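Please read the structure below before turning to the comments.
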Amino acid sequence: MQAQPSGVRVAMTTTAGVVELVTHPTRTAYRGLPRPRGQVDLVVDGALVATDELTGGDTVLVDLATRSTQTSAGEAHVSRFEGLSAGEKRVELWLPHNEVVDLVELRADAPVAPVEPVGPRWLHHGSSISQGSNATSPARTWPSFVARGAGVELRNLGLGGRALVDPFMARVMRDTPADLVSVALGINVVNGDVMRLRSFVPAVHGFLDTIRDGHPSTPLVLVTPINCGIHEDTSGPGASTSSGCSVVKWASSPPVRSAATSSAGSPCAACARPSRRASRAGTTPTCTSSTGSRSTASRTRPSTRSPTPSTPTRGPTRSSPPASQSASSARAAPSPASADPSTTKGPGRLTGARRAPPSRWWAKG
């Protein structure tokens, strides 16, 4: 995503009637999933005049089933725009937001001169919504459309799959001159299931505070996610299917305890409850019972140390050893069901089963 930024353009003043831009594109394609080619937009004095679709260039073909890639080389592409209005004008060539392009040559039938930014500077950061996911051309992304309508100079830091409250992005925004700052956060935090409420709130405060260090009096707008059908009544994470659609891995309520195989994985062999992840080769899927203990059908991990109650717990756990479990049997054949919490590492992830989210995340929002 960093190699195909949104909102990048070649800007100049000229009296030319014909302008050509030679680029060498590199696009990523997915086998069986057609994707539209990138485009170069011509904007003259703030108005979108013409669009040219890229052809040729290099192609990286990805097979989603095997995760293999195949690269093929192609020729450079020439975007030719003719019939421009007479007289001096500001010409902008907006580069594709969905393909990587190398600039090769700029041609015109009259001299061109660089231009200085005009109007207030708008600095924006967001996810694929801001980068231009599903936009037909670079000048038709919503930040580009708004910037032209408001007469501001756009610097778009929208990155598909990102906007995860990364500290490095906050530092970039802190050090970038701007007259208006906006941040769109939230959707990929849910899609990726990367945070809980406890960590998300201070992360956002820290992100905004870092920006404020460099922009103490600049207007700053925080944008929450727009409507997302798959997450309105269901928490994340989201994933992409082979057809390119987005799906939700978790149900809208705690998993139903039945022997039926769910989309998230196979049922547990011991208690017939659905597991959170499909079984791996040579292992048996497991689940979490109502008491929080793990099924004994899960993989066992040999251990040379016995449970030590005095050892401090290294993270929150979701299980406790049965009272009837003897220390000798635990040493002989340790299992997630008999392991002492004091020896558990992390948030109780002792098996291939995925830890269920806190109960508050089952609610809307």
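Annotations
- Cβ pairs under 6 Å, 6+ apart, first in segment 192-203 and more than 19 Å from Ser128 (Cβ to Cβ), second of a type in the set (Val, Ile, Thr): Ala203/Val165
- Qualifying positions in segment 63-86 - more than 16 Å from Val101 (Cβ to Cβ), of a type in the set (A, V, I, L, M) and surrounded by fewer than 16 Cβ atoms within 10 Å (Cβ to Cβ): Leu64, Ala65, Ala86
- Residue in segment 4-11 that is in a loop (DSSP other than H, G, I, E, B), loosely packed, with under 14 Cβ neighbours inside 10 Å and in contact with a Gly (Cβ under 9 Å, 6 or more places away or on another chain) present: no
- Only one entry of Val189, Val183, Val165 meets the criterion of being in contact with a Leu (Cβ under 7 Å, 6 or more places away or on another chain), in a loop (DSSP other than H, G, I, E, B) and surrounded by 20 or more Cβ atoms within 10 Å (Cβ to Cβ), and that entry is Val165.
- Qualifying residue in segment 31-52 (condition: surrounded by 12 or more Cβ atoms within 10 Å (Cβ to Cβ), out of contact with any Asp or Glu (no Cβ under 9 Å at 6 or more places or on another chain) and farther than 22 Å from Leu95 by Cβ): yes
- Of the residues Arg148, Arg171, Arg155, the single one that is assigned to a helix (DSSP H, G or I), of a type in the set (D, E, K, R) and under 30 Å from Val91 (Cα atoms) is Arg148.
- Long-range neighbours under 7 Å by Cβ, at least six apart or interchain, first residue closer than 12 Å to Arg174 by Cα within segment 209-226, second β-branched (Val, Ile, Thr) and at pLDDT 95 or above: Ile211/Val181; His215/Val181; Thr218/Val181; Leu220/Val181; Leu220/Ile211
- Residues (in contact with a strand residue (DSSP E or B) (Cβ under 6 Å, 6 or more places away or on another chain) and among the hydroxyl-bearing types (Ser, Thr, Tyr)) located in segment 115-156: Ser130, Ser137
- Selection count where residues are closer than 18 Å to Ile129 by Cβ and either at pLDDT 90 or above or not charged (D, E, K, R) (or both), scope segment 208-235: 11
- When residues of segment 100-142 are limited to those that are within 24 Å of the chain's Cα centre (by Cα) and part of a loop (DSSP other than H, G, I, E, B), the one nearest to Thr23 (Cα to Cα): Ser137
- Among residues of segment 199-218 being among the polar types (S, T, N, Q) and assigned to a helix (DSSP H, G or I), the one that is nearest to Gly126 (Cα to Cα) is Thr210.
The values are calculated or read from the model by the stated rules, or taken from the named source; none is laboratory data. Note that the structure is a prediction, hence the values are computed from the model and not measured. Positions of Cβ are backbone-derived with ideal geometry, glycine not excepted, and every protein chain shown enters the neighbour counts.
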